[in-house]
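> Structure below; questions to follow.
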Amino acid sequence: MALRHSGRALSKATSGLASSWSSWSTTLRWKPAQIQHQMRTMATVVPPVTQDKTSSKGPTAIVFMNMGGPSTTDEVQDFLSRLFADADLIPLGRLQNYLGPLIANRRTPKIQKQYAAIGGGSPIRKWSEYQAEEMCKILDKISPETAPHKPYVAFRYAHPYTEEMYERLLADGFGNGKGGRAVAFTQYPQYSCSTTGSSLNELWKWRQRLEGKSGPLDDGRDGTIQWSVIDRWPVHEGLVEAFAQNIEKKLEEYPKERRDKVVLLFSAHSLPMSVVNRGDPYPAEVGATVYAVMQRLGFSNPYRLCYQSQVGPQPWLGPQTSMSVEEYIAKGQKDLVLIPIAFTSDHIETLYELDEEVIGESGHKDTVKRVESLNGNPVFIKALADLAKSHLDSGITCSAQMSLRCPSCKSERCLESKKFFAGQQTLPGK
């Protein structure tokens, strides 16, 4: 859910696109050293899950889907090329195949410098793999009947690509006549056809290519992977709680007499208005998350929802985050807290676009601040596990919302993808 000005704004915008578009009253607070230790364990090789190693309804593959980001500056050009080639994300019409590579090539040197400024690459893969692995550890305990749970990450524009993930699934003993279940778990809490929809379309494409010809088993089942989808979760109580706690922690940095006057600026990826007017549910779902967080905070502060990372001359959903900060400061409101409400971890849009450009160029770094991203937040990771367990217990393949196309949708690929996931069989044991 890692989207988008002219002139200087256009320059800022694609920095956003070069990323990616994840008892509640108490929480464990990890120290940086502990988080670094945990992240180092991500390199540990997880033994393959095979179909002869099952519980009553397992094993279960849990696939985290996200936009992704280049892990090194050398990967930037390929990342941008794939990103601008995706008509679901950036519709460029009949000239997509020409304009996409052109824009990517021209943007690469500048975006490489931006990634170099935040450490040489995006941390989104490290955080995604960490979140997936930690969630599966919890899930093994709270849902033993569907264990073991094997974590996978599938990025749309960076390694590991969807096709790489699918090849790993097959190598680990899923599919290829052996059956098995897998959950496509979007890490965009709010659904958009440009983000979750694009990832699911890509997943469907590779499923058809790699498993479409699998033959039937003796029991009549075709032995392909049985998919279900967690396609949105904008108001899940754990997500809301994690955001609320991070906001409360940041507000404590302001003097008590000014604290309740701090303006909370929720910032989300923007969308082209052509996508919004087509009927995309994203604006409504982002608004739902913002309202739920403010409700949890008791509406303690004034707030607004704004959008970042616009690219190109066409109209995009606004107001823009950078403009909002500039305008509020011009009006004398200098106590501002930015909350990346549609992102589940740090990436270039938080570390560079918000921290370096919006806050760094505001002239008021002492009063304009950003809330910490969810990253390794244990409340958030527990929420992911609870979401997965509820989904596995439900026996449904996707939400009713996912099966409904946008009113003005003309995409045949979207139609076929939705039909596939909505039409998957009831999950094993249900």
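The values are calculated or read from the model by the stated rules, or taken from the named source; none is laboratory data. Note that the structure is predicted; figures quoted are calculated from it, not measured. Please note: Cβ atoms are built from the backbone with ideal geometry, for glycine as well, and neighbour counts cover all protein chains shown.
> How many residues does the range 315-329 contain that are at pLDDT 95 or above and among the aromatic types (Phe, Trp, Tyr)?
Going through the range 315-329 one residue at a time, the tally reaches 1.
> Specify which of the listed residues (Ser417, Ser390, Ser408) is in contact with a Phe, Trp or Tyr (Cβ under 6 Å, 6 or more places away or on another chain) and more than 19 Å from Tyr254 (Cα to Cα).
Values: Ser390 fails: in contact with a Phe, Trp or Tyr (Cβ under 6 Å, 6 or more places away or on another chain); Ser408 fails: in contact with a Phe, Trp or Tyr (Cβ under 6 Å, 6 or more places away or on another chain).
Only one candidate qualifies: Ser417.
> Please count how many residues of the range 350-378 are touching a Leu at 6+ places or on another chain (Cβ under 8 Å) and part of a helix (DSSP H, G or I).
The number of residues fulfilling the criteria is 4.
> Given the condition in contact with a Cys (Cβ under 8 Å, 6 or more places away or on another chain), at pLDDT 95 or above and closer than 24 Å to Ser198 by Cα, answer yes or no: does some residue in the range 330-353 qualify? Reasoning before the result, please.
As a first pass, look at the range 330-353 and keep what is in contact with a Cys (Cβ under 8 Å, 6 or more places away or on another chain): none.
Scanning the range 330-353, I find no residue that is in contact with a Cys (Cβ under 8 Å, 6 or more places away or on another chain), at pLDDT 95 or above and closer than 24 Å to Ser198 by Cα, so the answer is no.
> Shifting gears a bit: Val337 passes all but one of (1) part of a loop (DSSP other than H, G, I, E, B); (2) more than 24 Å from Met273 (Cα to Cα); (3) of a type in the set (A, V, I, L, M, F, W, C); which number fails?
So the condition that Val337 fails would be (1).
> Taking only the range 316-325 into account, find how many residues are touching a Ser or Thr at 6+ places or on another chain (Cβ under 8 Å) and either assigned to a loop (DSSP other than H, G, I, E, B) or loosely packed, with under 15 Cβ neighbours inside 10 Å (or both).
Of the range 316-325, the ones touching a Ser or Thr at 6+ places or on another chain (Cβ under 8 Å) are 316-318, 320-321, 325.
Now narrow it down to the ones that are either assigned to a loop (DSSP other than H, G, I, E, B) or loosely packed, with under 15 Cβ neighbours inside 10 Å (or both): 317-318.
The total comes to 2.
> Related question: Out of curiosity, is Asp222 in contact with a Pro (Cβ under 6 Å, 6 or more places away or on another chain) and of a type in the set (D, E, K, R)?
Values: in contact with a Pro (Cβ under 6 Å, 6 or more places away or on another chain): yes; of a type in the set (D, E, K, R): yes.
Spelling it out, Asp222 is indeed in contact with a Pro (Cβ under 6 Å, 6 or more places away or on another chain) and of a type in the set (D, E, K, R).
> Yes or no: Val263 under 29 Å from Gln187 (Cα atoms) and surrounded by 23 or more Cβ atoms within 10 Å (Cβ to Cβ)? Outline the logic, then answer.
Working: under 29 Å from Gln187 (Cα atoms): yes; surrounded by 23 or more Cβ atoms within 10 Å (Cβ to Cβ): no.
When the stated conditions are applied, Val263 does not pass them.
> If we scan the range 291-300, do we find a residue that is of a type outside the set (Phe, Trp, Tyr), buried (at least 23 other Cβ atoms within 10 Å of the Cβ) and out of contact with any Lys or Arg (no Cβ under 6 Å at 6 or more places or on another chain)? Give the derivation first.
Filtering the range 291-300 down to residues of a type outside the set (Phe, Trp, Tyr) leaves 292-298, 300.
Now restrict to residues that are buried (at least 23 other Cβ atoms within 10 Å of the Cβ): 293.
Next, from what is left, pick out any that are out of contact with any Lys or Arg (no Cβ under 6 Å at 6 or more places or on another chain): 293.
Among the residues of the range 291-300, at least one is of a type outside the set (Phe, Trp, Tyr), buried (at least 23 other Cβ atoms within 10 Å of the Cβ) and out of contact with any Lys or Arg (no Cβ under 6 Å at 6 or more places or on another chain), which makes the answer yes.
> Among the listed residues Leu264, Leu203, Leu210, which satisfies the condition of being under 30 Å from Val311 (Cα atoms) and in a helix (DSSP H, G or I)? Steps first, please.
Numbers: Leu264 fails: in a helix (DSSP H, G or I); Leu210 fails: under 30 Å from Val311 (Cα atoms).
None of the other options fit; the residue is Leu203.
> For the subset of the range 301-314 comprising residues that are more than 16 Å from Pro340 (Cβ to Cβ) and at pLDDT 95 or above, which member is surrounded by the fewest Cβ atoms within 10 Å (Cβ to Cβ)?
Pro302
Rundown of residues vs (1) modelled with pLDDT under 95; (2) among the aliphatic types (A, V, I, L, M), yes/no style:
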| site | (1), (2) |
| --- | --- |
| Phe174 | yes, no |
| Arg181 | yes, no |
| Pro189 | no, no |
| Thr224 | yes, no |
| Val229 | no, yes |
| Val240 | no, yes |
| Phe243 | no, no |
